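First up is the structure itself, then whatever we jot down about it.
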Amino acid sequence: MSNDIRRTVAATAGFVLVAALLPATLSGFQLQQVSIAISYAVAILGLNLLMGFAGQICLAQGTLFGIGAYVTAILNATYGVHPLATLPAAAVFTALAGLVVGLPALRLQGLQLAIITFGVAAAFPQLLLKLGSWTGGVSGLPIDSLEPPAFLADYSELWLYLVSLGCACVAAFIVYLVLLGDVGRALQAQRDSPQIAEALGVNLTKTKLWAFAISSALAGLGGGVFAILNGFISPQSFLASLSITIVIGSIIGGSTSIVGAFIGGLFITFVPTWTSNINLALGNVIYALALIGIMLLARGGVAGLLERLAAALKARSNANGKAGSMSQSGRKL
């Protein structure tokens, strides 16, 4: 079994164990907050694919997240579509929107692309207000509550958690398959060296658009789940700052890690609240210090730090094992 497969199996087993234990250890409100963190994690997962593996900058992931949320809300509130049935449509529609957002990436890179995509994020709340006949304007849109099945009738928070977790698992599996296939190799090749990748036959235009489409589809899926969890959305939920927050989650968790997306989702959901609880007046300062501290200790994100610690422990264990075997050989001699 290769090291990559071992790491994947270990990470999957750890994730399943934690996911199974959370409902037994958290209150209903806390479990709902974890579900919201998972919806953010799906969007971060898409950004990791785009930014970490494809090397493209996008500061409009919060906007794409919002588009998915509004597709779910409009289909449910206006056309009566069941909330769960809206999620595929949210992913597909947002993927198409992502292709439009990604068009500048065919000619621009770096800060220029970052500014253009952030401009999209800044304009999005105003666009929602202008399209008030569709989006509900300032009043927003309600979403029907997701009724649990009969055997979970008294556990609505658990049902929402299972729905969000199921969507996240699907998203993680899609990213895993993409990275294993030709598209994933092409993404990483054009990230490392576009000139060499093109010389080897990689279609850079097609590869970049694929990256934006898949990343956007995941953002839309996460946004649809977010809308269902909240039961109501408005333009205030999708300000430009949300895109920056999602980028922070990607970097803190680890932009080249699937597990890192979930760590980032938990971070941006819970840490700002915890820092405000420590000191309401200095909450933002404490949050900023936490970001700086994590970046100094874990430049590759928390997932990267955990991988290095695991590698160090394994190396130490192997060294101790070799020392023990040499000692045994010495006794025999």
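The values are calculated or read from the model by the stated rules, or taken from the named source; none is laboratory data. Because the structure is predicted, anything quoted here is derived from the model rather than measured. Glycine gets a Cβ as well: all are built from the backbone with ideal geometry, and neighbour counts include every protein chain shown.
Descriptive notes on the structure:
- Residues of the stretch 94-117 that are of a type in the set (A, V, I, L, M, F, W, C) and touching a Cys at 6+ places or on another chain (Cβ under 9 Å): VAL101, ALA105, LEU113, ALA114.
- Among the residues here, ASN76 qualifies as modelled with pLDDT of 95 or more and part of a helix (DSSP H, G or I).
- Residue under evaluation PRO148, criteria (1) without any contact (Cβ under 8 Å) to a residue 40 or more places away in the chain; (2) touching a helix residue (DSSP H, G or I) at 6+ places or on another chain (Cβ under 6 Å); (3) assigned to a helix (DSSP H, G or I), criterion not met: (3)
- The set of residues in the stretch 141-160 that are among the hydrophobic types (A, V, I, L, M, F, W, C), over 28 Å from TYR79 (Cβ atoms) and surrounded by 14 or more Cβ atoms within 10 Å (Cβ to Cβ) contains only LEU158.
- Close pairs (9 angstrom Cβ cut-off, 6 or more residues apart or separate chains): without any contact (Cβ under 8 Å) to a residue 12 or more places away in the chain and of a type in the set (Lys, Arg) in the stretch 285-312, in a helix (DSSP H, G or I) and surrounded by 12 or more Cβ atoms within 10 Å (Cβ to Cβ) anywhere: ARG299/LEU305
- Residue list for the stretch 92-126, restricted to those being of a type in the set (S, T, N, Q) and not in a helix (DSSP H, G or I): GLN109
- Scanning the stretch 246-255 for residues that are surrounded by fewer than 24 Cβ atoms within 10 Å (Cβ to Cβ) and either within 13 Å of VAL42 (Cα to Cα) or over 11 Å from the mean Cα position of the chain (by Cα) (or both) yields a single hit, VAL247.
- Taking each residue of the stretch 157-178 that is under 10 Å from SER35 (Cα atoms) and touching a residue at least 40 places away in the same chain (Cβ under 8 Å) and looking for partners that are among the acidic types (Asp, Glu) and assigned to a helix (DSSP H, G or I) with beta-carbon atoms closer than 9 Å, six or more apart or interchain, yields nothing.
- Filter result for VAL163 (surrounded by fewer than 17 Cβ atoms within 10 Å (Cβ to Cβ), more than 18 Å from PHE53 (Cβ to Cβ), modelled with pLDDT of 90 or more and out of contact with any helix residue (DSSP H, G or I) (no Cβ under 6 Å at 6 or more places or on another chain)): no
- Checked against (1) crowded, with 16+ Cβ neighbours inside 10 Å; (2) over 21 Å from LEU239 (Cβ atoms); (3) over 19 Å from the mean Cα position of the chain (by Cα), GLY55 passes all but a single condition, namely (3).
- Qualifying residue in the stretch 193-205 (condition: out of contact with any Phe, Trp or Tyr (no Cβ under 7 Å at 6 or more places or on another chain), in a helix (DSSP H, G or I) and crowded, with 19+ Cβ neighbours inside 10 Å): yes
- Failed criterion for LEU129 (all others in (1) farther than 23 Å from LEU45 by Cβ; (2) assigned to a helix (DSSP H, G or I); (3) within 25 Å of the chain's Cα centre (by Cα); (4) at pLDDT 85 or above hold): (3)
- Sub-6 Å Cβ pairs linking a first residue in the stretch 182-205 that is of a type outside the set (Ser, Thr, Tyr) to a second residue that is not in a helix (DSSP H, G or I), at least 6 apart or interchain, are ALA186/VAL202; LEU187/ALA54; ALA189/VAL202; GLN190/VAL202; ARG191/ALA54; ARG191/GLY55, ordered by first then second residue.
- Residues satisfying the stated conditions in the stretch 191-203, i.e. under 26 Å from the mean Cα position of the chain (by Cα) and farther than 17 Å from LEU47 by Cβ: ASP192, SER193, PRO194
- Residues of the stretch 73-114 satisfying the condition of being within 26 Å of PRO148 (Cβ to Cβ) and within 20 Å of the chain's Cα centre (by Cα): LEU84, THR86, LEU87, PRO88, ALA89, ALA90, ALA91
- Meets criteria (modelled with pLDDT of 90 or more and surrounded by 19 or more Cβ atoms within 10 Å (Cβ to Cβ)) for LEU84: no
- Residue that is farthest from GLY223 (Cα to Cα) [pool: residues in the stretch 132-145 that are touching a residue at least 60 places away in the same chain (Cβ under 8 Å) and of a type in the set (S, T, N, Q)]: SER139
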